[in-house]
Amino acid sequence: MKPSAYSFAHLSPSTQCAHGYRGRMFIYQTEQASLSDEHNPREQHSEAHWIAISQEAKNNPIYALKLIQRNISHESAIARLTESYRHLSQYTKRKMEATLAGWELLDDEDKNLAAFHNSLFSDDGNGYRASLRAASLKLEKYIEPMTEQELQALLKRIAERNNVHSAEKIAERRRQDEEDKRKADEIGKQQRNQYQRLYGS
C-alpha cells in the first residue's frame, strides 16, 4: 500500500485551520511558491526552516521533527517524508498496544490507519490528533522570519495581483469574457432548439 493512502490530508485540507492557529508557516506556504528564484532565498535559511515549511512536513510533523534533529539536508528530508507513512508519537503507540489486540502484528502503515480510526471513535483517547497538533506547533518554531529580499518579492507579487491593468489581470478578464460568451451562445442555441421543437421551424 502506498504511504499517501494513509496521509489523511484529505480529511484536513488546512492543517493550520484544523489546529486553530495561523503563523509564519501559513505565510510561507501560501506565498513561497510565488517568490522569484532570482533572489535564491534558499541560501539565506537553515535546512530546518525549509523542512518545516514544506507540505510534506505538514502532513507528517512527528517524522519531520525527527529528521530536523538529525541535521540532514532539506532535500533528503522532504524525499523521506514523501515516501514515508505518517509517524506516531510514543504515547499513541503505547495506547494502541494496550487497547488493540494484535497491534504488534500490523505493519507501520496499518498501525497508522488503526490509530487514526481509534482516535475518531474514542474522542482522541489515544492522543493521535493531539500529538500531531503538538508536533505541528513545535515544527513552526523552526520557521525563520522572511528575509528582506523575500519580503520585497512578496510585496511585489501582491501588488501585481492587485493591479487591474497587469497583463495577468487583462488575460484573466479576457478568458472570463470568452467563457461568458461561450455560455451565452450555448444558452441561445438551447433556446432556439426548444422553440423549434415547440413551434417548428
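The values are calculated or read from the model by the stated rules, or taken from the named source; none is laboratory data. Keep in mind that this is a model prediction, so the values were computed, not measured. With ideal geometry, Cβ positions are generated from the backbone for all residues, glycine too; neighbour counts draw on all protein chains shown. Each accessible area value is taken on the protein alone, full model and side chains, heavy atoms only, with ligands, DNA and RNA left out. Shrake-Rupley method; radii C 1.70, N 1.55, O 1.52, S 1.80 Å.
Taken over the stretch 47-86, residues that are closer than 22 Å to residue 129 by Cα, open to solvent by less than 20 Å² (accessible area, probe 1.4 Å) and among the aromatic types (Phe, Trp, Tyr) amount to 0. Sub-6 Å Cβ pairs linking a first residue in the stretch 87-108 that is outside any loop (DSSP other than H, G, I, E, B) and open to solvent by less than 70 Å² (accessible area, probe 1.4 Å) to a second residue that is among the hydroxyl-bearing types (Ser, Thr, Tyr) and modelled with pLDDT of 95 or more, at least 6 apart or interchain, are 92/128; 92/131, ordered by first then second residue. All told, residue 191 falls short of being in a helix (DSSP H, G or I), among the polar types (S, T, N, Q) and surrounded by 13 or more Cβ atoms within 10 Å (Cβ to Cβ). Of all residues being outside any helix (DSSP H, G or I) and more than 20 Å from the chain's Cα centre (by Cα) in the stretch 42-73, which is nearest to residue 147 (Cα to Cα)? Just the residue, please. Checked the stretch 42-73; the qualifying residue nearest to residue 147 (Cα to Cα) is 45.
Results for (1) within 21 Å of the chain's Cα centre (by Cα); (2) touching a residue at least 24 places away in the same chain (Cβ under 8 Å); (3) assigned to a helix (DSSP H, G or I), shown as yes or no for each residue.
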{"position": "117", "(1), (2), (3)": "no, no, yes"}
{"position": "124", "(1), (2), (3)": "no, no, no"}
{"position": "130", "(1), (2), (3)": "yes, no, yes"}
{"position": "133", "(1), (2), (3)": "yes, yes, yes"}
{"position": "136", "(1), (2), (3)": "yes, yes, yes"}
{"position": "143", "(1), (2), (3)": "yes, yes, no"}
{"position": "146", "(1), (2), (3)": "yes, yes, no"}
{"position": "149", "(1), (2), (3)": "no, yes, yes"}
{"position": "154", "(1), (2), (3)": "yes, yes, yes"}
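Number of residues in the stretch 77-86 that are assigned to a loop (DSSP other than H, G, I, E, B) and of a type in the set (Gly, Ala, Ser): the value is 1. Within the stretch 167-184, restricting attention to residues that are open to solvent by less than 80 Å² (accessible area, probe 1.4 Å) and at pLDDT 80 or above, the residue that is farthest from the chain's Cα centre (by Cα) is 184. Picking from residues in the stretch 111-157 that are at pLDDT 90 or above and among the polar types (S, T, N, Q), the one that is surrounded by the most Cβ atoms within 10 Å (Cβ to Cβ) is 126.
Which members of the stretch 172-201 meet the condition of being under 30 Å from residue 161 (Cβ atoms) and among the hydrophobic types (A, V, I, L, M, F, W, C)?
Our first condition is that a residue be under 30 Å from residue 161 (Cβ atoms); within the stretch 172-201, this holds for 172-184.
Once the filter is applied, which keeps residues that are under 30 Å from residue 161 (Cβ atoms) and among the hydrophobic types (A, V, I, L, M, F, W, C), the stretch 172-201 yields only 184.
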